[in-house]
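Step one of this worksheet: look at the structure below.
The values are calculated or read from the model by the stated rules, or taken from the named source; none is laboratory data. Bear in mind the structure is a predicted one, so any value in this text is a computation, not a measurement. Using ideal geometry, Cβ is built from the backbone for each residue, glycine included, and neighbour counts are taken over all protein chains shown. Accessible surface is based on the protein model in full, side chains and every heavy atom, while ligands, DNA and RNA are left aside. Shrake-Rupley method; radii C 1.70, N 1.55, O 1.52, S 1.80 Å.
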Amino acid sequence: YYTPPQFVSKNQVLLLEDEFNHAVKVMRNCIGDELYATNGEGTIYQTKIFAVNNDKLIARIKKQFRYKNLSENIIFCIPKLKNPDRLKFAIEKSVELGINRFKIFESKNTVSKTSNLIRLQKIAIAAMKQSLHAFLPQIEFDTFSQIKKSNGNKIFFDQNATAEFNNETKFIRPAYFIFGP
């Protein structure tokens, strides 16, 4: 489950709204059950449910697991796509692989109308939870020209490229992985 950092105290976690509904009404968790929650900042909490009210679940923290964000300097830049389902799929699979920073951009060849940031965020959070990651994905809209001006390395992926990418590189400064037409 995901709960924003402001709902985590020294010894308890609070689940509200969608997360509360999923935990209590869908998964039928009740007092005494164990569940795991993340604050989206690299910590996963092993908890035991202490109280369930009409609109919130309170769980006591039993153990904490802290993780380092190994992809914090990797930014996936994906163009707005004509088919919104393909953009959703790209975000979902990238998050499952551990990527948690995205820039959705418009270029001169963009055909897509609009993208719903709130919907993309929900898809990213669901993928984060499903793949047991501890970092909340960040999605922003930008233009291709702004990405080119950004400070950091730019890596362009082309289906006809002859050079190979060394995936063992450690990125100390931001690296923009740019995909699409």
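Points worth noting:
- Sequence-ordered 3J(HN,Hα) estimates for segment 156-163 from the Karplus curve with 6.51, -1.76 and 1.60 and θ = phi - 60° stand at 9, 9, 10, 5, 9, 5, 9, 6 Hz, glycine and proline given as x.
- Net dipole in debye of the chain [+1 Lys, Arg Cβ; -1 Asp, Glu Cβ; about Cα centre; nearest 20]: 180 debye
- Point-charge dipole on Cβ atoms (K/R +1, D/E -1) for segment 79-181, about Cα centre, debye to 20: 340 debye
- Neighbour-limited loop hits for chymotrypsin sites (Phe, Trp or Tyr not before Pro), segment 96-157 (at most 12 other Cβ within 10 Å; DSSP other than H, G, I, E, B): Phe157
- Surface per residue (accessible, 1.4 Å probe) for segment 1-85, Å²: 60 Å²
- Near the amide H of Gln138, within less than 5 Å, lie the amide hydrogens of Arg101, Phe102, all on another chain or at least 5 residues away, with H placed in the peptide plane.
- A 1.4 Å probe over all protein chains sorts Thr110, Thr162 by accessible area into Thr162, Thr110, starting with the largest.
- Summed residue charge, Cβ within 9 Å of Gln46's Cβ, Lys/Arg positive, Asp/Glu negative: +2
- Fraction of accessible area attributable to carbon and sulfur, the chain (%, probe 1.4 Å): 51 percent
- Rounded tilt (10° steps) of 117-130 against the dominant C-alpha axis of the chain: 60 degrees
- Rounded to 0.05, the FRET efficiency of the Lys25 and Gln159 pair, given R0 = 35 Å and the Cβ-Cβ distance, is 0.20.
- Couplings 3J(HN,Hα) of segment 30-38, computed from phi: 9, 4, x, 6, 9, 8, 10, 9, 10 Hz, in residue order, whole Hz [Karplus 6.51 cos²θ - 1.76 cosθ + 1.60, θ = phi - 60°; x for Gly and Pro].
- Residues of type lysines that Lys122 reaches as a straight line, Cα spacing below 17 Å, ignoring anything fewer than 8 places off in the same chain: Lys88, Lys93, Lys103
- The chymotrypsin sites (Phe, Trp or Tyr not before Pro) of segment 1-45 include none that meets both criteria, a DSSP state outside H, G, I, E and B (loop) and at most 13 other C-beta atoms within 10 angstrom of the site's C-beta.
- Given 10 as the ceiling on other Cβ atoms within 10 Å, longest exposed-site-free region of the chain for trypsin sites (Lys or Arg not before Pro) in DSSP loops: 114-169
- Rounded to 10°, Cα long-axis angle of helix 84-96 versus longest principal axis of the chain: 70 degrees
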